[in-house]
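The values are calculated or read from the model by the stated rules, or taken from the named source; none is laboratory data. Bear in mind that the values here come from a model prediction, so they are computed numbers and not experimental data. FYI the Cβ positions are ideal-geometry reconstructions off the backbone, even for glycines, and counts take in every protein chain you see.
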Amino acid sequence: MEYNKGNATSGLLASQGLLTNLNDYVSEYGWDKIITGSLADTGKYDEQGVMGSGDWYGITNYGEDCLLYFNQDMFDKYGIAIPTTFDELESAMAKFKENGITALSVGSAEYPTQHLWWQLVLSKADDKFIKAYEMYDGKVDWNSEPLTYATEKIKEWVDKGYISKDSTNLKAEDAGQNLMTGTNPILFSGTWWHARFKEEAAGLNVSYSKFPDTKKIVGSSGNVWVIPQNSAKKDLAAKFINITLSKEVQNYMAEQGGLAINSDVDSIKDEDTKEFVAQFDDAVKEGQLGFYPDWPTSTFYDELNASLQELVNGTADVKTALNQMKDNYDKGLEASGIVVE
């Protein structure tokens with residue numbers, strides 16, 4: 001079965017003994033030759049359910065990352081160039097504001113705002129910070145530059161009118177639709193939108209790029225195949241997983257615009273799709289994937305959204321929002337029995 005990756009999901013089930021240890025199948029099929037680096041982190045869990053080490057409990061067959069999507073028609077209408085640097089991004093948002101347009105399409109009721117916040121965190125973060133935050137390898141300093149910078153930047157963009165205070169009730173679907181309908185010219189969200197923009201927004205010119213001036217980006221492996229511990233057909237399930245990692249299936253996935261992890265990128269016929277798949281391949285090879293911000297605890301997704309909603313609507317200042325995040329993060333770790341030294 002397919003299951004969400006991360007400490008709070010697959011990790012939790014693995015720690016409870018509900019998932020099959022896949023080490024023998026990994027050796028038999030050579031999956032560890034395909035799934036390496038940060039892609040492997042979401043498949044391995046230790047006894048406490050912490051990802052990044054321990055035994056194999058999940059096998060991914062695709063990836064995902066977050067990109068900046070641009071409504072090219074709106075940029076052209078107002079004579080604004082697609083930004084390639086962070087300074088140019090802020091300049092473009094300011095120019096849209098001058099024309100009465102809120103630049104960023106976000107949805108603070110769900111994941112878009114927290115993904116944008118996390119990307120700003122990652123732009124100032126290193127591997128040491130990420131391992132502390134995601135894998136409890138050291139204590140997280142909630143007054144450190146990555147966290148204070150990102151939270152202050154979200155507040156700044158709200159104050160400048162680049163993010164609407166009214167976005168607190170918007171969901172991810174609203175954010176995507178607002179890009180397609182021309183309400184907002186910029187969306188930061190996942191690669192799962194790419195195919196939808198091509199298929200559903202006929203005649204709309206949407207371009208994309210990685211977030212500028214950062215070594216780390218929001219993203220990870222996709223969800224993982226897991227085998228329940230009580231399964232009566234474990235060998236058959238493993239054969240199925242292996243089929244999904246075959247060149248034939250992976251190449252087909254890539255041709256359809258999926259971020260396959262074992263495809264022949266050069267064989268992709270459609271140039272836009274080839275470029276799209278290649279950007280993720282490059283991110284994996286360069287160790288850019290910085291995971292997602294809600295993974296550390298089972299309740300942090302809703303808690304992080306709540307703090308960011310208050311930050312956006314003005315009921316919490318930067319210090320208050322960070323203190324809320326810290327308290328909820330620490331409580332979540334305590335509830336899971338995680339002790340960080």
### Query
Name the residues in segment 221-250 that are farther than 30 Å from residue 118 by Cβ and either surrounded by 20 or more Cβ atoms within 10 Å (Cβ to Cβ) or among the polar types (S, T, N, Q) (or both), would you?
227, 229, 230, 231, 238, 242, 246
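Residues checked against (1) in contact (Cβ under 8 Å) with a residue 60 or more places away in the chain; (2) in contact with a strand residue (DSSP E or B) (Cβ under 6 Å, 6 or more places away or on another chain):
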site: 8; (1), (2): yes, no
site: 15; (1), (2): no, no
site: 18; (1), (2): yes, no
site: 26; (1), (2): no, yes
site: 37; (1), (2): yes, no
site: 49; (1), (2): yes, no
site: 58; (1), (2): yes, yes
site: 66; (1), (2): yes, yes
site: 73; (1), (2): yes, no
### Query
When segment 310-333 is examined, which residues are found to be closer than 18 Å to residue 131 by Cα and out of contact with any Leu (no Cβ under 7 Å at 6 or more places or on another chain)?
326, 329, 330, 332, 333
### Task
Assess whether residue 80 counts as being aliphatic (A, V, I, L, M), crowded, with 19+ Cβ neighbours inside 10 Å and in a helix (DSSP H, G or I).
no
### Query
Inside segment 238-270, can you point out the residues that are in contact with a Ser or Thr (Cβ under 6 Å, 6 or more places away or on another chain) and under 15 Å from residue 2 (Cβ atoms)?
none
### Query
If you check every pair at least six apart or on different chains, which have Cβ atoms under 7 Å apart with a residue in segment 310-334 that is acidic (Asp, Glu) first and a residue that is modelled with pLDDT of 95 or more second?
310/316; 310/321
#### Entry: From the options 92, 40, 14, residue that is in a helix (DSSP H, G or I), modelled with pLDDT of 95 or more and farther than 28 Å from residue 215 by Cα
14
### Message
Quick check on segment 183-205: of everything there that is more than 17 Å from residue 273 (Cβ to Cβ) and modelled with pLDDT of 95 or more, which residue is surrounded by the fewest Cβ atoms within 10 Å (Cβ to Cβ)?
### Response
183
### Message
Taking the criterion of being surrounded by fewer than 19 Cβ atoms within 10 Å (Cβ to Cβ) and in a helix (DSSP H, G or I), would at least one residue in segment 206-220 satisfy it?
### Response
no
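Looking only at segment 167-178, decide whether some residue is within 21 Å of residue 289 (Cβ to Cβ) and β-branched (Val, Ile, Thr).
Going through segment 167-178, the residues within 21 Å of residue 289 (Cβ to Cβ) turn out to be 172.
Then drop every residue that is not β-branched (Val, Ile, Thr), which leaves none.
The answer is no; no qualifying residue exists.
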#### Entry: Condition broken by residue 305, with the remaining ones in (1) crowded, with 16+ Cβ neighbours inside 10 Å; (2) within 25 Å of residue 212 (Cβ to Cβ); (3) under 19 Å from the mean Cα position of the chain (by Cα) satisfied
(2)
### Task
Filter segment 21-36 for residues that are surrounded by fewer than 20 Cβ atoms within 10 Å (Cβ to Cβ) and closer than 18 Å to residue 221 by Cα and give the result.
30, 32, 33, 34, 36
### Query
Here are some residues: 39, 18, 13. Which one is surrounded by fewer than 24 Cβ atoms within 10 Å (Cβ to Cβ) and touching a Pro at 6+ places or on another chain (Cβ under 7 Å)?
18
### Query
Quick check: is even one residue across segment 28-51 under 20 Å from residue 285 (Cβ atoms) and over 24 Å from the mean Cα position of the chain (by Cα)?
yes
